[in-house]
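Here is the structure we will look at, set down as structure tokens.
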Amino acid sequence: MEVLLQALIGGLAVGAIYGLVALGFTIIYRSLYVINFAQGHVFMVGSFMGFVGFSLMRRFSVAVFIFVLIAAAMIAIVTVFLVYGKIHRADHLTFAIASIGVGIIMENIVRMICPDPRAYPDIFREKVYSVGDIFISTQYIWVLAITLALITMLQLFFYKTKMGKAMRAVSEDRDMASLLGINVSYTVYIAFVISSIVGTMGGILIGPIYFFSFDMGFMTGLKAFSAAIIGGIMSVPGTLIGGIILGVTENLGGVYVSSEFKDAIAFALLILMLMVKPTGIFGKAK
Amino acid sequence: MKKSKSTANIIYAFIGVLLLILPFLCGYYLLHVIIFAGINLIVVLGLGLLLGFSGQVSIGHAAFYGIGAYASALLTLKLGLPFWIALPLAGVIAGLAGIMLAIPSLKVSMLYLVMTTIGFAMIVWIVMFRWSGLTNGPNGIIGIPSPTIGGFVLDSPTKYYYLVLVFSLLALWLMTRIVRSAIGLRLMAIFDQEEAAKSVGVNTTYFKVLAFVISSIFAGIGGSLYAHYVTFIHPDNFNIWVSVIFLVMAVFGGQRSIPGITTAVIILTLATEYFRVLGEYRMIGYGLLLALGMIYFPEGIGTIKWSSIINIIIRLFHSKTQNTLKT
């Protein structure tokens, strides 16, 4: 029983991070109908920038968060300006390959700067609360709180602000939105900036739980993408829930089935979901 | 017209002779790279059939390539079968895996299909890594025997080059035949207008699975050739990046263009190997190639009219002969 609860709690935290990274996929897919395969690498770059920031400050500081998020937004703007902005109208395969290229570039730039896995400094002043025989780390609480806050902000942004409504209009019908005076290329920038910010947040939050390493991007990206599909790639809360389902299943499978095949569980779940309901748990048939 | 045809024949003859004497012209390393290009060509031709003719995108071909390689290696090492039996069996096993992937894939299309193939490739890779009892896990398999013909062992790149040359020419010939056959026409019909194809009685399910199976057999054969050439295989030789590289080659080659695919495979294999000189910057170069290539050649290099280039060459020759006649 303790093992089960412990695995659930760990899975919840990791799942929330998958959910955050997956939101990046969801936002891009919702507005442009393309997959950004570099999303996992954005997560990795975010984790790296967080590592650098917190190592320099040596303590928890909101300023580091703000600086890293601004840097993430800048990176998004540069990549849209150089690559994505030119091909977001192309077919999804062209875009997917170009984004894989961008991901490779990001991964190898970070690899040149920092080739070894590094542990984060203890920024969240880790404390472990014990409830009976179950241990809850403060980091897990941080992860869940920040994720929930971000999701709420995103939902508010998409449904309450003019910009968010404009983006939803673009995803419905790009040409019509353009005719009605919405600046489509501007919404492309916004979509990538938001997806970069949520990915980076995921990267900073996973830092204290795991190690930072330059090659963590692609695998996390694929799992996050699986999470998005399991939950339903068109739905923001669905994506988060997909992430949590994936994180929890993976952790439980690691404990009860086989720790060696832990990574395969995510993909088996994905294929199962695609066979049963490709639009995801919260997806509507289109 | 007749004259230009004979000039084209001369060009083909020249290429043929060049291919035959290639091992004596280039150094050891270049030959090594060319052998890889030949093996990649076999895999990418199969992927090109799937991508260009049936419109199914797979980022999982390294799985079939790996299944072929492991099957062939294990069959020769554990059961002591000769290469010439292990190679077709590797193709058959990869083909069966192709059926396994094709059937769930029928329900999904586009983005979801891409995801299914990625999931499949990841699972196969993880199984290779973790199922130590069968695949020897992260230690890989060493000492895979070189193929023999009679008592003649193909253990050097020069000898193996001819084996790969035969197989890649065979693959080119087969693919050209398949594409021009009723199968190819039906696949194109399904890709262009699935509903219309259905309405004139094309069994779309059957042909989509068939394309998947043909393509995975090609990948399996490629994998077997790879395993017996390098004699050492490791799960990382078949990870998702390998799938990505295959897909990139197929996309750069352009849809439905066999000469385009051939050119793309050769250029990209050479680029991947020769970027090694750049050390750490190598992968950045590759990333730039992908991103910029997609911006400037979104349709692949197959759309560049090769016939027009050959025509230009032919015209150059002709104008030269005409000039010499005038003077």
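Where residues in the range A:132-166 are assigned to a helix (DSSP H, G or I) and aromatic (Phe, Trp, Tyr), which of them is surrounded by the fewest Cβ atoms within 10 Å (Cβ to Cβ)? Reasoning before the result, please.
First, pick out the residues of the range A:132-166 that are assigned to a helix (DSSP H, G or I): A:138-160, A:162-166.
Next, only the ones that are aromatic (Phe, Trp, Tyr) stay: A:140, A:142, A:157-159.
Numbers: A:Tyr140: 22, A:Trp142: 18, A:Phe157: 16, A:Phe158: 18, A:Tyr159: 11.
Looking at the filtered set, the residue picked out is A:Tyr159.
On inspection, B:Thr158 does not qualify as among the β-branched types (Val, Ile, Thr), over 30 Å from B:Leu20 (Cβ atoms) and surrounded by fewer than 19 Cβ atoms within 10 Å (Cβ to Cβ).
Among the residues of the range A:195-212, is there at least one that is over 12 Å from the mean Cα position of the chain (by Cα), in a helix (DSSP H, G or I) and modelled with pLDDT of 85 or more? Within the range A:195-212 (the criterion being over 12 Å from the mean Cα position of the chain (by Cα), in a helix (DSSP H, G or I) and modelled with pLDDT of 85 or more), the answer is no, since none of the residues qualifies. Note on the range A:1-44: residues that are touching a Ser or Thr at 6+ places or on another chain (Cβ under 8 Å), more than 24 Å from A:Phe135 (Cα to Cα) and not hydrophobic (A, V, I, L, M, F, W, C) total 8. Considering only the range A:108-130, I want to know if a residue exists there that is free of Cβ contacts under 8 Å to residues at least 24 places away in the same chain, within 20 Å of A:Met234 (Cβ to Cβ) and either of a type outside the set (A, V, I, L, M, F, W, C) or not in a helix (DSSP H, G or I) (or both). There is no residue in the range A:108-130 that is free of Cβ contacts under 8 Å to residues at least 24 places away in the same chain, within 20 Å of A:Met234 (Cβ to Cβ) and either of a type outside the set (A, V, I, L, M, F, W, C) or not in a helix (DSSP H, G or I) (or both).
Here A:Gly181 clears all of (1) in a helix (DSSP H, G or I); (2) over 20 Å from the mean Cα position of the chain (by Cα) except the condition numbered (1). Pairing residues of the range B:78-104 that are within 15 Å of B:Ile214 (Cβ to Cβ) with residues that are not in a helix (DSSP H, G or I), at Cβ distances under 9 Å and at least 6 apart in sequence or on separate chains, gives B:Leu101/B:Ser58; B:Leu101/B:Gly60; B:Ala102/B:Gln56.
Against the test of being surrounded by 24 or more Cβ atoms within 10 Å (Cβ to Cβ), in a helix (DSSP H, G or I), out of contact with any Leu (no Cβ under 9 Å at 6 or more places or on another chain) and not aliphatic (A, V, I, L, M), the options B:Gly16, B:Gly48 yield a single qualifying residue, B:Gly48. Confirm whether B:Ser216 is farther than 16 Å from B:Phe36 by Cα, in contact (Cβ under 8 Å) with a residue 60 or more places away in the chain, of a type in the set (Ser, Thr, Tyr) and crowded, with 18+ Cβ neighbours inside 10 Å. Judged against the criteria, B:Ser216 is a match. Looking at the range A:204-221 only, could you name the residues that are crowded, with 24+ Cβ neighbours inside 10 Å and within 25 Å of B:Ile123 (Cβ to Cβ)? Matches in the range A:204-221: A:Ile206, A:Gly217, A:Thr220, A:Gly221.
Listed here are the helices (runs of 4 or more DSSP H) enclosed by the range B:64-148 that have at least 3 residues being within 28 Å of B:Tyr162 (Cβ to Cβ): B:83-105.
Yes/no per residue for (1) over 22 Å from B:Ile178 (Cβ atoms); (2) away from chain A (no Cβ under 12 Å); (3) at pLDDT 80 or above:
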{"site": "B:Pro235", "(1), (2), (3)": "yes, yes, yes"}
{"site": "B:Val248", "(1), (2), (3)": "yes, no, yes"}
{"site": "B:Ile258", "(1), (2), (3)": "no, yes, yes"}
{"site": "B:Ile261", "(1), (2), (3)": "no, yes, yes"}
{"site": "B:Val277", "(1), (2), (3)": "yes, yes, no"}
{"site": "B:Glu280", "(1), (2), (3)": "yes, no, no"}
{"site": "B:Leu290", "(1), (2), (3)": "yes, no, no"}
{"site": "B:Pro298", "(1), (2), (3)": "yes, no, no"}
{"site": "B:Thr303", "(1), (2), (3)": "no, yes, no"}
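Any idea which of B:Val179, B:Val209 is under 16 Å from the mean Cα position of the chain (by Cα) and either buried (at least 18 other Cβ atoms within 10 Å of the Cβ) or modelled with pLDDT of 80 or more (or both)? Break it down stepwise before answering.
Details: B:Val209 fails: under 16 Å from the mean Cα position of the chain (by Cα).
It is B:Val179.
For B:Ile126, the test of being aliphatic (A, V, I, L, M) and away from chain A (no Cβ under 14 Å) is failed. For the range B:1-60, the set of residues classified as modelled with pLDDT of 80 or more and small (Gly, Ala, Ser) consists of B:Ala13, B:Gly16, B:Ala37, B:Gly38, B:Gly46, B:Gly48, B:Ser58, B:Gly60, listed by residue number. Beta carbons closer than 8 Å, at least 6 apart along the sequence or on distinct chains, never pair a first residue in the range A:73-88 that is within 14 Å of chain B (Cβ to nearest Cβ) and over 14 Å from B:Leu290 (Cα atoms) with a second that is among the basic types (Lys, Arg) and surrounded by 17 or more Cβ atoms within 10 Å (Cβ to Cβ).
Within the range A:253-286, the set of residues being more than 7 Å from chain B (Cβ to nearest Cβ), in contact with a helix residue (DSSP H, G or I) (Cβ under 9 Å, 6 or more places away or on another chain) and farther than 15 Å from A:Gly242 by Cβ comprises A:Gly253, A:Gly254, A:Val255, A:Tyr256, A:Val257, A:Ser258, A:Ser259, A:Lys262. Residues that are surrounded by fewer than 17 Cβ atoms within 10 Å (Cβ to Cβ) and either more than 7 Å from every other protein chain (Cβ to nearest Cβ) or modelled with pLDDT of 85 or more (or both) within the range A:89-110 comprise A:Arg89, A:Asp91, listed in sequence order.
Listed here are the residues, each with its yes/no results for (1) closer than 22 Å to B:Ile258 by Cβ; (2) of a type outside the set (A, V, I, L, M, F, W, C).
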| residue | (1), (2) |
| --- | --- |
| B:Thr176 | yes, yes |
| B:Val179 | yes, no |
| B:Arg186 | yes, yes |
| B:Phe191 | yes, no |
| B:Thr204 | no, yes |
| B:Lys208 | yes, yes |
| B:Val213 | yes, no |
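Of all the residues in the range A:253-274, those that are touching a Gly at 6+ places or on another chain (Cβ under 6 Å) and without any contact (Cβ under 8 Å) to a residue 24 or more places away in the chain number 3. Each residue in the range B:30-56 was checked for being in contact (Cβ under 8 Å) with a residue 60 or more places away in the chain and farther than 30 Å from A:His92 by Cβ, and 6 pass.
The values are calculated or read from the model by the stated rules, or taken from the named source; none is laboratory data. Everything numeric in this text was worked out from a predicted model, so none of it was measured. Methodologically, a virtual Cβ is constructed for each residue, glycine included, from the backbone with ideal geometry; neighbour enumeration extends over all protein chains shown.
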